[in-house]
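To start, I am sharing the structure in question, which I have written as structure tokens.
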Amino acid sequence: MAGKIKIMIVDDHAEMRRLLRTMLSDPARDFTECASGAEAVAAFAKYRPDWTIMDIAMEGLDGLQATRQIKLQSQDARVLVLTQHDSPKIRGAALEAGASAFVSKDNLSEIVAHLNPVAGANPSTPTLPKP
């Protein structure tokens, strides 16, 4: 299982978590799923995933707030923000919160490229392309 990564999927919709788990079964060796931002913050401390895939719009602690709290736990945490709300303002807010990458739910196929950066790429460098 060399090269396989641990992924935490955070989305309040079970169907989306299931879809992502299926899509990412090749690059991932282990998954943790969370239905809320608060659950994700607690699970991150225990699980320490290589990547966290974080929805933004969730009840209670939203994905941006959860990303900030996870980054306080570990500056090396890699969070990919995945949302249907794609705008320059949202992308900027994700970057400010500490996201390492941003993908619109309209382009799910882009996720794998972010999780498996090309050789020599710095995975801690944010990859938030301008729309």
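Summing +1 for each Lys or Arg and -1 for each Asp or Glu, what net charge is found among the other residues whose Cβ lies under 10 Å from the Cβ of residue 60? Don't skip to the end; give the middle numbers.
Working: positive: none; negative: 12, 39, 59, 62.
In short, -4.
For residue 107 and residue 59 in one chain, what is 0.36 nm times their gap in residues minus the Cα-Cα distance, to one decimal in nm? Don't skip to the end; give the middle numbers.
On the way: separation 48, 0.36 × 48 = 17.28 nm, distance 2.36 nm.
Length difference between fully extended and current span is 14.9 nm.
Can you give the accessible area per residue of the chain, in Å², using a 1.4 Å probe? Intermediate results must be reported in sequence, preceding the final value.
Values: 6760 Å² over 131 residues.
That works out to 52 Å² for each residue.
Hey, got a sec? Which trypsin sites (Lys or Arg not before Pro) in region 1-78 land in a DSSP loop and have at most 15 other Cβ atoms within 10 Å? Provide the component values of the computation, followed by the final result.
Details: sites: 4, 6, 17, 18, 21, 29, 46, 68, 71, 78; in loops: 4, 78.
Those satisfying the criteria are 4.
Hey, with R₀ at 22 Å, roughly what FRET efficiency would residue 19 and residue 75 work out to, going by the Cβ-Cβ distance, to 0.05?
Values: r = 30 Å, r/R0 = 1.36.
Computed FRET efficiency for residue 19 and residue 75: 0.15.
What's the extension gain from residue 48 to residue 30 if we count 0.36 nm per residue and subtract their Cα-Cα distance?
Values: separation 18, 0.36 × 18 = 6.48 nm, distance 1.13 nm.
Difference between extended and current length: 5.4 nm.
Right, something else. Rounded, prolate or oblate, given the Cα gyration tensor of the chain, with a/c below 1.5 counting as rounded?
Numbers: a/c = 1.21, a/b = 1.07, b/c = 1.13.
The shape class here is rounded.
So, one more: What residue among 36, 100, 25 shows peak mean-square fluctuation when the chain is described by a Gaussian network model with Cα springs under 10 Å?
In the Gaussian network model the winner is 25.
Identify the GluC sites (Glu not before Pro) of region 1-99 meeting these criteria: DSSP loop state and at most 15 other C-beta atoms within 10 Å of the C-beta. List each step's numbers first, then the result.
Working: sites: 15, 33, 39, 59, 96; in loops: 59.
Counting only loop positions with at most 15 other Cβ atoms within 10 Å, the GluC sites (Glu not before Pro) in region 1-99 are 59.
Give the distance, in whole Å, between the Cα centre of region 49-73 and the Cα centre of region 1-47.
If we compute the Cα centre of each part, the gap is 12 Å.
The values are calculated or read from the model by the stated rules, or taken from the named source; none is laboratory data. Treat the numbers as computed from the prediction; the structure is a model and nothing was measured. All Cβ positions, glycine included, derive from the backbone under ideal geometry; neighbour counts span all protein chains shown. Ligands, DNA and RNA are stripped out before the accessible areas are found, and what is left, the full protein with its side chains, is counted by its heavy atoms. Shrake-Rupley method; radii C 1.70, N 1.55, O 1.52, S 1.80 Å.
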